[in-house]
Amino acid sequence: MQKRKIGILILALFTTSFAFGQSEALKVVVNNLAFYKQKGDLKYLSNAKKSADSLVVTRKDSADLEKNVYRIIVNSSILYTDSLNKLGQPEAFLDQTSALLDKFADKGKIYKYQPEMDYARRCLANVYIRKGFLLTKNNDFKNAVDAFQKAKKYAPAQKQINSYIAYANNKLGNLQDAAKYYSTLISTDSTKVEYLETASTIYKSLGDTAKALQIVKKGRRLLPQNKQLLQDEANIYNNKRDYKALEPLLIPLIDNNVNNPDITFVAANCYDNLNQYDKAESLYLRAIELNGNAYESVFNLGLLYFKKSTLKNNNDDKNITSAVLWLEKANEMAPRDKKCLELLQLAYTKTGNQNQLDRINNRLEQLN
C-alpha cells in the first residue's frame, strides 16, 4: 500500500507542468523516479539519490535551487517509502533532509517549485508522525513530542497531529501543554468525545474546575445523549458540593446507571443535602441493596433518620429507632469511626438508653 501511495505521489508530481525536468543533467534522476513509479523497486530510488547527489559537487552546486529541490524530492521519497531502511541510509538522514528543505524553503524563487516542496513536506510530516508513533509505543514521550512537533511544522493543516502532541504531553506529565493542544482540538463542533473527556480530566488535575466544567458542558450541548459526559458533569458538581446544579442531572444519571451503587449513593446524598429526605431515604436503601458493604450508604441512612427525628412534627420513635439500627450497623462495619460513635451517643441520649450510652461513652474514651 505504501509503495502505491508513493507511486501516486510521484506520478502526480512529475506529470504536472513545473519549473524543472527540462535540464539534461537531471533527466537521470527523473527517469529513476519514473521507473520506481512503474516497478515499485527501491533500487530506482537508490539510483535517483546517487544521481541527485552527484549533481552537487561545488559550492555553487550547493546553492543551486533546482538541483537541491531534486535532492529534497528524492530524499523525502526514500524516507517516506523505505520505512524499514532497506537502503541503509544513515541515522541522521531524516534530520539532514529536513535541514536541507528548511534551508531552501525561504529562498526567493522557491515559489517556482511549490508543488515539489509541498510534496516533500507531506512526505516528511508522515515520516515524523511514524517516528512519533514508534517512540510513543516505546514510552519515549519526550522525543515523541519532538517528532510530532516537527510533523506539525511540515503539515500545519493536519489537526490530527495536535491530538498526538496532546497525548504525548499528557503521558509525559506536561499537563499545561497537553491542555493547550486539547483546547485546540475541542474548539470546533466536530470534536471527539475522547478529546473532551481527556481535556476535562487534565483541567481538573490542574485545579481549573471552571474550565473543566466549561468543556464538559460544551460536550453535552454537542452530544446530549452521551452518558460519560453526563457523568463527568455530575461528578464535577458533586465534588464541588453544588447540589442545586447536580439535581437536574439525577434522573437521567440514575436511569443510565440503575445498578450502580456509587451513582445511586451520589444521588441519595444530593437529595439528602437538599432536604428531600424521602427521595434520599429510598436511594440510600437502593444503594445498600446494590452494595451492602458500602459504609457511607449505611452511615448516611442512619444520619438521615436521626435528622428526621429532630424535625418538628416528625419527632417520633420510628425515626430514632431506625437511626440507632443503621448507626449500629455502621459501627459494626467501622468500629473506630469516631463520627459514628458520637452520633450514636446523641441517639442514645435522645432515647434515654443509659446502658447503651455508657457503652458508647467508654468506646469514645478508649479512642481518645
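From the residues in the range 311-353 that are exposed (fewer than 11 other Cβ atoms within 10 Å of the Cβ), over 24 Å from Glu296 (Cβ atoms) and not small (Gly, Ala, Ser), which one is modelled with the lowest pLDDT?
Asn313
Quick one: is Asp95 surrounded by fewer than 20 Cβ atoms within 10 Å (Cβ to Cβ), assigned to a helix (DSSP H, G or I) and modelled with pLDDT of 90 or more?
On the way: surrounded by fewer than 20 Cβ atoms within 10 Å (Cβ to Cβ): yes; assigned to a helix (DSSP H, G or I): yes; modelled with pLDDT of 90 or more: yes.
Yes; evaluated as a whole, the condition is true for this residue.
Looking at the structure I just gave you, is Ile10 modelled with pLDDT under 90, buried (at least 17 other Cβ atoms within 10 Å of the Cβ) and in contact with a Lys or Arg (Cβ under 7 Å, 6 or more places away or on another chain)? Spell out the reasoning first.
Details: modelled with pLDDT under 90: yes; buried (at least 17 other Cβ atoms within 10 Å of the Cβ): yes; in contact with a Lys or Arg (Cβ under 7 Å, 6 or more places away or on another chain): yes.
Considered against the rule, which asks whether it is modelled with pLDDT under 90, buried (at least 17 other Cβ atoms within 10 Å of the Cβ) and in contact with a Lys or Arg (Cβ under 7 Å, 6 or more places away or on another chain), Ile10 comes out as yes.
Do we have Tyr80 as within 22 Å of Gly108 (Cβ to Cβ), among the aromatic types (Phe, Trp, Tyr) and part of a helix (DSSP H, G or I) here? Before you say what the answer is, go through the steps one by one.
On the way: within 22 Å of Gly108 (Cβ to Cβ): no; among the aromatic types (Phe, Trp, Tyr): yes; part of a helix (DSSP H, G or I): yes.
So Tyr80 does not fit the description; no.
Which fully enclosed helices (runs of 4 or more DSSP H) of the range 123-234 have 1 or more residues being surrounded by fewer than 19 Cβ atoms within 10 Å (Cβ to Cβ), of a type in the set (D, E, K, R) and at pLDDT 95 or above? Spell out the reasoning first.
Numbers: elements: 141-154, 160-172, 175-185, 193-205, 209-222.
Those helices (runs of 4 or more DSSP H) span 141-154.
Got a sec? Which of Ala210, Ala178 is within 9 Å of the chain's Cα centre (by Cα) and among the small types (Gly, Ala, Ser)?
On the way: Ala210 fails: within 9 Å of the chain's Cα centre (by Cα).
Answer to the check: Ala178.
Out of everything in the range 152-167 that is in contact with a Leu (Cβ under 8 Å, 6 or more places away or on another chain) and in contact (Cβ under 8 Å) with a residue 24 or more places away in the chain, what residue ends up being farthest from Ile202 (Cα to Cα)?
Our first condition is that a residue be in contact with a Leu (Cβ under 8 Å, 6 or more places away or on another chain); within the range 152-167, this holds for 154, 159, 162-163, 166.
In the following step, the residues that additionally are in contact (Cβ under 8 Å) with a residue 24 or more places away in the chain were identified as 154, 159, 163, 166.
Numbers: Tyr154: 28, Lys159: 20, Ser163: 14, Ala166: 11 Å.
The selected residue is Tyr154.
If I filter the range 61-80 for residues that are over 17 Å from Ala120 (Cα atoms), modelled with pLDDT of 90 or more and under 35 Å from the mean Cα position of the chain (by Cα), do I get at least one hit?
Of the range 61-80, the ones over 17 Å from Ala120 (Cα atoms) are 61-64.
Adding the requirement that they be modelled with pLDDT of 90 or more leaves none.
There is no residue in the range 61-80 that is over 17 Å from Ala120 (Cα atoms), modelled with pLDDT of 90 or more and under 35 Å from the mean Cα position of the chain (by Cα).
List every residue pair whose Cβ atoms lie under 7 Å apart, where the two residues are 6 or more positions apart in sequence or sit on different chains, the first residue falls within the range 26-52 and is closer than 18 Å to Ser83 by Cα and basic (Lys, Arg), and the second residue, located anywhere, is modelled with pLDDT under 80 and part of a helix (DSSP H, G or I).
Filtered contacts from the range 26-52: Lys37/Gly7; Lys37/Ile10; Lys37/Leu11.
Output the residue which, of all residues in the range 83-105 that are under 32 Å from the mean Cα position of the chain (by Cα) and touching a residue at least 40 places away in the same chain (Cβ under 8 Å), is farthest from Ala63 (Cα to Cα).
Among those that are under 32 Å from the mean Cα position of the chain (by Cα) and touching a residue at least 40 places away in the same chain (Cβ under 8 Å), it is Ser83.
Having 1 or more residues that are closer than 30 Å to Leu357 by Cα and over 34 Å from the mean Cα position of the chain (by Cα) is the bar; report the helices (runs of 4 or more DSSP H) wholly within the range 245-346 that clear it.
Details: elements: 250-256, 261-273, 277-290, 295-309, 317-333.
Qualifying helices (runs of 4 or more DSSP H): 261-273, 277-290, 295-309, 317-333.
Name every residue in the range 165-184 that is under 18 Å from Arg130 (Cα atoms) and small (Gly, Ala, Ser), in order of residue number.
Selection gives Ala166, Ala168.
Which of the residues spanning the range 30-66 are open to solvent by 60 Å² or more (accessible area, probe 1.4 Å) and either touching a Gly at 6+ places or on another chain (Cβ under 7 Å) or part of a helix (DSSP H, G or I) (or both)? Explain how you work it out, then say what you get.
Initially, the range 30-66 is screened for residues open to solvent by 60 Å² or more (accessible area, probe 1.4 Å), giving 31, 35, 37-39, 41, 43, 50, 54, 57-60, 63.
Result: Asn31, Phe35, Lys37, Gln38, Lys39, Lys43, Lys50, Ser54, Arg59, Lys60.
Looking only at the range 237-258, decide whether some residue is within 30 Å of Ser322 (Cα to Cα), among the polar types (S, T, N, Q), at pLDDT below 95 and open to solvent by 40 Å² or more (accessible area, probe 1.4 Å).
yes
Go through the range 32-51 and count every residue that is closer than 19 Å to Asn68 by Cβ and modelled with pLDDT under 85.
Total meeting the criteria: 2.
The values are calculated or read from the model by the stated rules, or taken from the named source; none is laboratory data. Please read these numbers as outputs of a predicted model, since none were measured by experiment. Glycine also receives a Cβ, built like all others from the backbone with ideal geometry; neighbour counts cover every protein chain displayed. Only protein heavy atoms, including side chains, enter the accessible area calculation; ligands, DNA and RNA are left aside. Shrake-Rupley method; radii C 1.70, N 1.55, O 1.52, S 1.80 Å.
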